[in-house]
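Colleague: For reference, the structure I am asking about is given below.
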Amino acid sequence: MLTAVVGINWGDEGKGRMVDLLSEKFDVVMRYQGGNNAGHTVINEKGRFILNLLPSGIFREDTVNVMGPGMVVDLEHLTKEIDAIRKQGIEITPEHLVISDRATICMPYHKMMDILEEERLADKKFGSTRRGIAPVYADKYMKKTLRMGDLKHPEILRDKLVDIVEWKNLTVAGGYKHEPVSADDMYDWLMTYGMHFVPYIKDTTEFLTSAVNKGKNLMFEAQLGALRDIDFGIYPYTSSSSTIAAYAPIGSGIPAQRLTNVVGIMKAYSSCVGEGPFTCELFGAEAHELREAGGEYGAATGRPRRVGGFDVVASKYGVLVQGANELALTKLDVLSYLEKIPVCVAYDVNGVRVDKFPSGPELEAAKPVYEYLPGWKCDISKARSFSELPKEAQDYVRYIEKAVGSKIKYVSVGAGRDEYFEM
């Protein structure tokens, strides 16, 4: 079984929590795109963890975790992330974690260029996390990057690095008028933070093909959501990689394989970090109460998330492009404080009611059409079956399921690993 767990909306849907939960059924869990620009929060019996680069199956002792060739890896950040969870008693070994030799290394100058460009854009900025993601993916497609496999050949790594840094300084010093990048400093950084990962580096195509041939169950874990995809998202306010489920086998290293299942994750309301159109956005006291109730602050950056009611238009589109045949609805319990629950049922685009997710100027001009559904005003965190929910909560779940056109299989009613039920 090859299952992708993906975000339906703007990211921050609770994928890490669901991957941690579902990973019990899988032999291998893989991240297939992105870098440390988003975070997955996992709460289990071992503690509370925030992961930026590591797959969320890392807490299962019998699960192999893979960082695929579609990822970009900040070696310094990965070192510190592993050190942090080791201090909480989680052991990580080369048998437990596999890093693709084709994954791209995100260098310190990528982060620097990310910051320089955001500052140059000023009030027109994209809302970058300033962690170097767009610059490193740009360099990847310019064929001007180092890959994890290069760490296995330090005798030729320096020569490659010198050539890349010379090219990079044409932009850093010549364009941004910043102090040039030092090849010696970058080499020292690679030696300090990279060499201890050499035992973890493997050909993931060979490794995962072998796992498939042995009948192993594989899970692909996405970062962010459909609306942050470089091709299908709210361009240019997107990530720089493909967050779509169809890319999962490619970004993991087994492009010839086909998915057997796609689980889409979406919240019972909407949240968004960063710039760009977010049609369903709420403001003022209504937004503040929802943000506080849901603890809506970015796991990677700590930034307050923009919030809104459940967005039918965006979610229906997300389900479509992800090809989700099953859904997990998270944070239903957060809405328990509301007497009336806001739902964005359509968009108003220049006076015309729109039910399909638009793009470009039409999306920028869109305004929300809100309706309100009855709330339940009681604690639902102890519910372990659909029948244990109050009628209003049952009606809300069924409404969302019908509106987006895909079956809801999992409902989360709390942050803990056991605070959910299957439909």
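The values are calculated or read from the model by the stated rules, or taken from the named source; none is laboratory data. Not measured: the values here are computed from a predicted model. Cβ placement follows ideal geometry from the backbone for every residue including glycine, while neighbour counts extend to all protein chains displayed.
Colleague: Which pairs have Cβ atoms under 7 Å, sit 6 or more apart or on different chains, and link a residue in the range 390-415 that is more than 21 Å from residue 5 (Cα to Cα) to one that is part of a helix (DSSP H, G or I)?
Modeller: Short answer, once both residue conditions are applied: 393/332; 394/386.
Colleague: Output the qualifying pairs, or none if there are none: Cβ atoms under 7 angstrom, residues six or more apart or on different chains, first residue in the range 37-61 and closer than 25 Å to residue 10 by Cα, second residue part of a helix (DSSP H, G or I) and among the aromatic types (Phe, Trp, Tyr).
Modeller: Qualifying pairs under 7 Å: 42/59; 44/59.
Colleague: Mind listing just one residue for me: the one in the range 279-288 that is touching a Lys or Arg at 6+ places or on another chain (Cβ under 8 Å) and surrounded by fewer than 23 Cβ atoms within 10 Å (Cβ to Cβ) and, of those, nearest to residue 9 (Cα to Cα)? Quick ask: steps written out before the conclusion?
Modeller: Step one: of the range 279-288, the residues touching a Lys or Arg at 6+ places or on another chain (Cβ under 8 Å) are 279, 281, 287.
Add one more test, that the residue is surrounded by fewer than 23 Cβ atoms within 10 Å (Cβ to Cβ), and what stays is 281, 287.
On the way: 281: 13, 287: 18 Å.
Checking each candidate, the answer is 281.
Colleague: Residue by residue through the range 251-262, note down the ones that are surrounded by fewer than 24 Cβ atoms within 10 Å (Cβ to Cβ) and in contact with a Lys or Arg (Cβ under 9 Å, 6 or more places away or on another chain).
Modeller: None; the set is empty.
Colleague: Right, something else. Give the residue that is surrounded by the most Cβ atoms within 10 Å (Cβ to Cβ), with candidates limited to residues of the range 23-48 that are out of contact with any Gly (no Cβ under 7 Å at 6 or more places or on another chain), outside any loop (DSSP other than H, G, I, E, B) and modelled with pLDDT under 85.
Modeller: 44
Colleague: Could you tell me whether any residue of the range 265-275 is assigned to a helix (DSSP H, G or I), within 24 Å of residue 410 (Cβ to Cβ) and either at pLDDT 95 or above or among the small types (Gly, Ala, Ser) (or both)?
Modeller: Just the residues of the range 265-275 that are assigned to a helix (DSSP H, G or I), to begin with: none.
Scanning the range 265-275 turns up no residue that is assigned to a helix (DSSP H, G or I), within 24 Å of residue 410 (Cβ to Cβ) and either at pLDDT 95 or above or among the small types (Gly, Ala, Ser) (or both).
Colleague: Search the range 198-225 for residues that are over 18 Å from residue 246 (Cβ atoms) and pair each with any residue that is among the acidic types (Asp, Glu) when their beta-carbon atoms are under 6 Å apart and the residues are at least 6 apart or on different chains.
Modeller: Correct list of pairs: 201/101; 203/101; 216/27; 217/27.
Colleague: Still on this model: From the residues in the range 185-242 that are surrounded by fewer than 19 Cβ atoms within 10 Å (Cβ to Cβ) and β-branched (Val, Ile, Thr), which one is farthest from residue 64 (Cα to Cα)?
Modeller: Once the filter is applied, the top-ranked residue is 230.
Colleague: What do you reckon, is residue 356 surrounded by fewer than 14 Cβ atoms within 10 Å (Cβ to Cβ), assigned to a loop (DSSP other than H, G, I, E, B) and at pLDDT 95 or above?
Modeller: Working: surrounded by fewer than 14 Cβ atoms within 10 Å (Cβ to Cβ): yes; assigned to a loop (DSSP other than H, G, I, E, B): yes; at pLDDT 95 or above: yes.
Yes, satisfied.
Colleague: Can you confirm whether the range 338-347 contains a residue that is at pLDDT 95 or above and not in a strand (DSSP E or B)? Steps first, please.
Modeller: Just the residues of the range 338-347 that are at pLDDT 95 or above, to begin with: 338-347.
Restricting the remaining residues to those that are not in a strand (DSSP E or B) gives 338-339.
Yes, the conditions are met somewhere in the range 338-347.
Colleague: Further question on the same structure: I'd like to check which helices (runs of 4 or more DSSP H) are fully inside the range 173-253 and have at least 3 residues that are modelled with pLDDT under 95 and under 17 Å from residue 4 (Cα atoms).
Modeller: Values: elements: 183-194, 204-213, 248-252.
No helices (runs of 4 or more DSSP H) qualify here.
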